[in-house]
Amino acid sequence: MALWRGSAYAGFLALAVGCVFLLEPELPGSALRSLWSSLRLGPAPAALGPASPESRLAAAWDALIVQPARRWRRVAVGVNACVDVVLSGVRLLQALGLSPGPGRDHAVLHSRNDLEEAFVHFMGRGAAAERFFSDKEAFQDIARVASALPAAQHYVGGNAALIGQKFAANTDLKGFPFTWSWPV
């Protein structure tokens, strides 16, 4: 639990620091040193002076990322890939024989009617949402109808597949802008 809490703190800190740099890219080094010391992360690195915001952020991450107290014996790595079908939601509802009614949020979708209510609820507010569909057969039927529509466009989906596609398309990539290492 403590591992996740530390990760959550680090993620929140990264988000906050990113917002600060976005809103005030020329933030004085003294303000950053003050922030650094208030977080009790040790002495402020020299990089907090005239260096770029990216290097200062990397230095903050290096101070926050520590070697785990207990070594892992096993590591699980998951990858995902899917096909995204992009089309008009209104046309999909029409193809499914659904007509607009009152909108309602559903944490889990169980039927076409739940899909229609969630669509009306979120699109009426100009928002998007992702929901789990619990009925496998109903979901597959909706996916089949969506894929068969003439205006349906199919794209590779899932973060792992998109990253792999980006690497394959850009063979000249040399590496990532940030690297982290733990002392062994």
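The numbers here are math on the coordinates, done by the rules we state, and not lab data. No experiment lies behind these values; they were computed from the predicted model shown. All Cβ positions, even for glycine, are placed from backbone atoms using ideal geometry, and neighbour counts span all protein chains on display.
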Review point. Looking at the P(r) of segment 82-166, how many percent of alpha-carbon pairs lie beyond 16 Å?
Key: 57
Point to revise | Set of segment 136-151 residues, backbone N closer than 20 Å to the point 7 Å along the Cα-Cβ line of A107 | key: 136
Exercise for review: Mind checking segment 69-102 for trypsin sites (Lys or Arg not before Pro) that DSSP puts in a loop (not H, G, I, E or B) and that have at most 10 other Cβ atoms within 10 Å?
Suggested key: R70, R71, R73, R74
Point to revise | Förster-model FRET efficiency, 41 Å R0, N80 and S52, C-beta, rounded to 0.05 | key: 0.75
Review point. Separation between the V145 and R91 pseudo-spin-labels, each 7 Å from Cα along Cα→Cβ, expressed in nm?
Key: 1.5
Study note, to complete from the structure: When D141, D62 are ranked with the fewest other C-beta atoms within 10 Å first, the list becomes D141, D62
